[in-house]
Every structure is written in C-alpha cells, then in structure tokens.
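> One structure coming up, written as structure tokens, with questions to follow.
Only the coordinates and a few stated rules stand behind these numbers; no lab work does. All values derive from a computational prediction rather than experimental measurement. Please note: Cβ atoms are built from the backbone with ideal geometry, for glycine as well, and neighbour counts cover all protein chains shown.
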Amino acid sequence: MKLTMHCTGTCKQLEILSLRGGKWRSVAFPGLFAMLEHLSEGLILFDTGYSPRFAEATRRLPYALYRWTTPVETGGHLTAAEHVRAAGYAPEDVTAVIISHFHADHICGLADFPNAKFICSKAGYDSVASLKGLAAVKRAVLPDLIPPDFETRANWVEQCQEAALPAACRPFERGWDLFGDGSVTAVDLSGHAAHQIGVFLRGTDGNPVLLGADASWSAQAVRENRLPSPPAFILFDGRRDYKRTFGNLVELHRRQPEMRLLFTHCAEAWELCGKEGIELL
Ligand SMILES: [Zn+2]
C-alpha cells in the first residue's frame, strides 16, 4: 500500500491561533488530502480537500460568512479529482473516501467520485446532517457539499469490526478495522469536530503512520506540546475533548518519537508524503 498527500488549496490563519507562543502573522496553511493505493481495495482517499465548489457553496449569505472569516485560495492547486487523474487513475476508480469530519475543507470533492463509498462516523454525520444556515456556518459545515445520495453510500465506522491496536499506538488501544485486514484502523479524535476520526496505517517497519486530520494544526505542535491559543477553541466542537485528544497525541509521540503524524494543514506532512509518498504494508 502506498500513501501520498496532495494539496488542494490554502487557507489563511494567524500563526498564534494555531500554536501557543506563535507569531502574530498570517500564515497560509495547506489543505491536504491523502491517497492510499491499497493492494486489495484499490484507490482510497482520506478526505478530499478544497475545490472551486467551496466558492460556489459560499456565494450567498449566510454561507459567505465562512469564506470571509477563512480566506481560501484554490488557484494554482489541483482538486482531489485532478490529483487522482495526475496519479494515473480516473475519479471513477476511487472505491472509498474516508471522511475524517464534515468541515468544508475536507469534503469539497465528495461529489467527484461517483463509485466511492463514504466511510465516516455515524455519530459525526448525525451531528451535522440537519444543520442549515447560520447554525451550519457556525460549525464550518456547508450543506451543499454533501452529495444528495450520501446516506445510501455511507458505511459507518461504528459498524466496522472493532480491533485492538498494536502496542506502538498506545495510548490509543482500540479502533475500527475498516477493511477487515488490519491495514487501516480508524480511531476517535473528537474535539476539533464532534466524532472526528483519524486512521492508523500499518507501516512496513512495524511503525504505524497516523493520518490525524485536524486533531492538531501541525506535527510541531504535538512534538512541542503546544496547544492552539485559547481564542482558537471557539472554532472547535469541544474544548475538553480537544485537549484530551491532543494529550493522547502528545503521549503517542513521547512513546514513539519516530512515528509519522500527518495532519491536514501541516506543511511537514506535505513535504514528507507529497512527492514519492510512503510505502506501507
Ligand atoms: Zn476541520
């Protein structure tokens, strides 16, 4: 199995918001998604990043508030579907999209993969499915980005086989074995969004890789145990859950400093997996 990460656009945010003690300067954070070339399951995506659909979905109020508060730049970047083509596949080849959570910057491309099943948390989906208008914007959700046939194509992680994780993943002990072969195991990373999930991928060296979505803004923040600044918590679903999940990531890094922790808005993840990618088991 091969993992690569691809950038679909950037969003601007103050560095100090993302990292306690950071600078008062605006930084462009990449909006990444991951491609997994799985030996038996075919092409799987983890999230789908931005696309020009973001601009369409935020044209009218109140959804325009999202675009004004989080300036997004997609010019010069390929969409997830275009990245799939550039890798030598067709969008129709994507068999599954794992959705970490339903913030707009993770689901802009869902409608581009007609044959994919959507693998996500049922509790996470239920927490946003009925949101509209301002209530949706407040939770960074744009209803137009969720395809109309979503529920018929959804596979809920809670219905996947529960499995014990290897000792290298402690303090994460259990997860959901998404494909029944131990290659991709989803774990709960609640806090940033309700019931957000990440996945541990089995590594060739016995050292798993974690796709951690938005549980941290960067790997640096985890290494240095630096939470986001207090005002950033307004953006999150649950302050206590965020801190618990972040604390688990810090503990994971303390025990396994070599483990690759890959986050959606982390430039390091893009550098590490952007070109050659990583070969996994
Ligand atoms: Zn998010």
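> With 10 angstrom as the radius, rank E224, E41 by how many other C-beta atoms surround their C-beta, starting from the fewest. All intermediate terms of the calculation are to be shown ahead of the outcome.
Details: E224 13, E41 17.
Fewest-to-most ranking of E224, E41: E224, E41.
> Can you list residues from other chains, or at least 5 along the same chain, whose modelled amide H is less than 5 Å from the amide H of L14?
It is V27, by chain and number.
> Please report the antiparallel percentage of DSSP beta bridges with both residues in the range 30-185, rounded to the nearest 5. Spell out each step's value before the answer.
Values: 10 of 20 bridges.
Counting DSSP beta bridges with both partners in the range 30-185, the antiparallel share is about 50 percent.
> From the residues F33, C266, T70, which one has its Cα farthest along the dipole of the chain in the positive direction, the dipole being from +1 and -1 charges on Cβ of Lys/Arg and Asp/Glu about the Cα centre?
T70
> Counting helices only, and only those DSSP H runs with n ≥ 4, report the 222 nm mean residue ellipticity of the chain as the sum of -39,500 (n - 2.57) divided by its residues, in deg cm²/dmol to the nearest 500. Numbers along the way, then the final one.
Values: 11 runs with 70 residues, N = 281.
Taking each H run of at least 4 residues, the total per residue is -6000 deg cm²/dmol.
> If you rank E251, E279 by fewest surrounding Cβ atoms within 10 Å, what's the result? Before the final figure, lay out each step's value.
Details: E251 15, E279 12.
Going from sparsest to densest Cβ surroundings: E279, E251.
> Percent antiparallel among DSSP beta bridges with both residues in the chain, to the nearest 5? Show your work: numbers first, answer last.
Working: 35 of 49 bridges.
Taking every DSSP beta bridge within the chain, about 70 percent pair in antiparallel fashion.
> Between the DSSP loop rule and a limit of at most 12 other Cβ atoms within 10 Å, which GluC sites (Glu not before Pro) in the range 132-209 are left? Mind dumping the intermediate values first?
Details: sites: E151, E158, E162, E173; in loops: E173.
Loop-located and lightly packed - E173.
> Once amide H atoms are built 1.01 Å from N in the peptide plane, which residues 5 or more positions from A96, or in another chain, come under 5 Å H to H?
Under 5 Å from the amide H of A96: L45, K117.
> Give me the percent of DSSP beta bridges within the range 164-281 that run antiparallel, rounded to the nearest 5. Intermediate results must be reported in sequence, preceding the final value.
Details: 12 of 16 bridges.
Around 75 percent antiparallel, to the nearest 5.
> Oh, and also: Give me a comma-separated list of calculated 3J(HN,Hα) values for the range 258-272, in order, Karplus coefficients 6.51, -1.76, 1.60 applied at θ = phi - 60°, integers in Hz, x for any Gly or Pro.
7, 5, 7, 10, 10, 10, 4, 10, 9, 4, 4, 5, 5, 4, 6
> In terms of modelled amide H atoms, which long-range or inter-chain residues lie less than 5 Å from the amide H of A154?
For A154, whose amide H was placed from the backbone, the distant partners under 5 Å are F118.
> Let's see if you can work this out: charge +1 on each Lys and Arg Cβ, -1 on each Asp and Glu Cβ, no other charges. What is the dipole magnitude of the range 148-281 about its Cα centre, in debye to the nearest 20?
On the way: 14 positive and 19 negative charges, 118 e Å.
Value, rounded to 20: 560 debye.
> Please work out the Kirkwood hydrodynamic radius for the range 101-224, using every pair of different C-alpha atoms, and report it in angstroms with one decimal place. All intermediate terms of the calculation are to be shown ahead of the outcome.
Working: mean 1/r = 0.0640 Å⁻¹.
Computed over Cα pairs of the range 101-224, the Kirkwood hydrodynamic radius comes out at 15.6 Å.
> Can you tell me the dipole magnitude for the range 1-112 around its Cα centre, using point charges on the Cβ only (Lys, Arg +1; Asp, Glu -1), in Debye to the nearest 20?
On the way: 10 positive and 11 negative charges, 136 e Å.
Value, rounded to 20: 660 debye.
> Give me a comma-separated list of calculated 3J(HN,Hα) values for the range 177-185, in order, Karplus coefficients 6.51, -1.76, 1.60 applied at θ = phi - 60°, integers in Hz, x for any Gly or Pro.
7, 5, 10, x, 10, x, 7, 9, 10
> How much net charge surrounds I98 when only the other residues with a Cβ under 12 Å from the Cβ of I98 are counted, with Lys and Arg +1 and Asp and Glu -1?
Working: positive: K117; negative: E41, D47.
Neighbourhood net charge equals -1.
> Counting other Cβ atoms within 10 Å, keep those with at most 15, restrict to DSSP loop, and tell me which trypsin sites (Lys or Arg not before Pro) in the range 11-44 are left. Let's see the in-between values first.
Numbers: sites: K12, R20, K23, R25; in loops: R20, K23, R25.
Sites meeting the loop and neighbour criteria: R20, K23, R25.
> I'd like the Karplus ³J(HN,Hα) series for the range 116-122: coefficients 6.51, -1.76, 1.60, θ = phi - 60°, whole numbers in Hz, and an x wherever there's a Gly or Pro.
Once rounded to whole Hz, the list reads 7, 7, 9, 9, 7, 7, 5.
> Starting from 0.36 nm per residue, how many nanometres of slack lie between S40 and E276 once their C-alpha separation is accounted for? Please list the in-between numbers first.
Working: separation 236, 0.36 × 236 = 84.96 nm, distance 2.09 nm.
Taking S40 through E276 to full extension adds about 82.9 nm, to one decimal.
> Here is a further query. Sort I107, I44 by Cβ crowding within 10 Å, fewest neighbours at the top. Before the final figure, lay out the partial values.
Details: I107 29, I44 25.
Neighbour counts put them in this order, fewest first: I44, I107.
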